[in-house]
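Any read-out appearing in this document is the output of simple, stated calculations on the displayed coordinates, not a laboratory observation. A quick note: this is a predicted structure, and the numbers were derived from the prediction, not measured. Glycine gets a Cβ as well: all are built from the backbone with ideal geometry, and neighbour counts include every protein chain shown.
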Amino acid sequence: MANRYPRFRHAQANPDPFGQRSAPSQRRTSFAATVVTGCVAVFAVTWIITPDLHRVWALSTRTPAEIAAVERSVTYSGCNAARAAGAAPIYRGTPGYRPEMDGDSDGIACEPIPY
């Protein structure tokens with residue numbers, strides 16, 4: 001076997017066929033760093049979603065009469081007046097919302113104008 005494959009033992013000692021050094025192994029993050037990163041990600045998502053969840057929860061606990069009273073508490077002559085007052089977009093169940101101002105009936109009146 002030594003005659004047929006003269007560099008067999010050398011190939012076993014050096015697994016790189018081109019004789020170059022192998023790249024250093026990638027550094028792995030520790031378990032603690034992974035846990036901390038996961039906790040930070042969960043906190044960030046929770047922080048971002050909380051206002052929307054609160055708004056949905058508040059709307060779901062009100063009666064239709066209470067929602068109508070809140071919507072009628074403030075009135076705007078139109079979307080231009082709502083935008084001038086800084087109230088646009090107006091969501092269903094918030095002061096100033098009217099179905100007439102919601103063109104596509106998605107619960108958001110006076111949506112931003114796409115350019």
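Rounded to the nearest 0.05, what FRET efficiency do Ser105 and Ala84 have when you use their Cβ-Cβ distance and R0 = 25 Å? Walk me through the numbers before you get to the answer.
Working: r = 24 Å, r/R0 = 0.96.
The formula returns an efficiency of 0.55 here.
Net charge around Pro89, counting only other residues with Cβ within less than 10 Å of its Cβ (Lys, Arg = +1; Asp, Glu = -1)?
Numbers: positive: Arg83; negative: Asp102, Glu111.
Local charge sum for Pro89: -1.
Would you please give the FRET efficiency between Thr63 and Phe43, computed as 1/(1 + (r/R0)^6) with r the Cβ-Cβ distance and R0 = 22 Å, to the nearest 0.05?
On the way: r = 34 Å, r/R0 = 1.56.
About 0.05, to the nearest 0.05.
Full-extension gain between Thr75 and Val56, please, as 0.36 nm times their residue separation minus the C-alpha to C-alpha distance. Walk me through the numbers on the way to the answer.
On the way: separation 19, 0.36 × 19 = 6.84 nm, distance 2.20 nm.
Full extension of this stretch gives 4.6 nm more.
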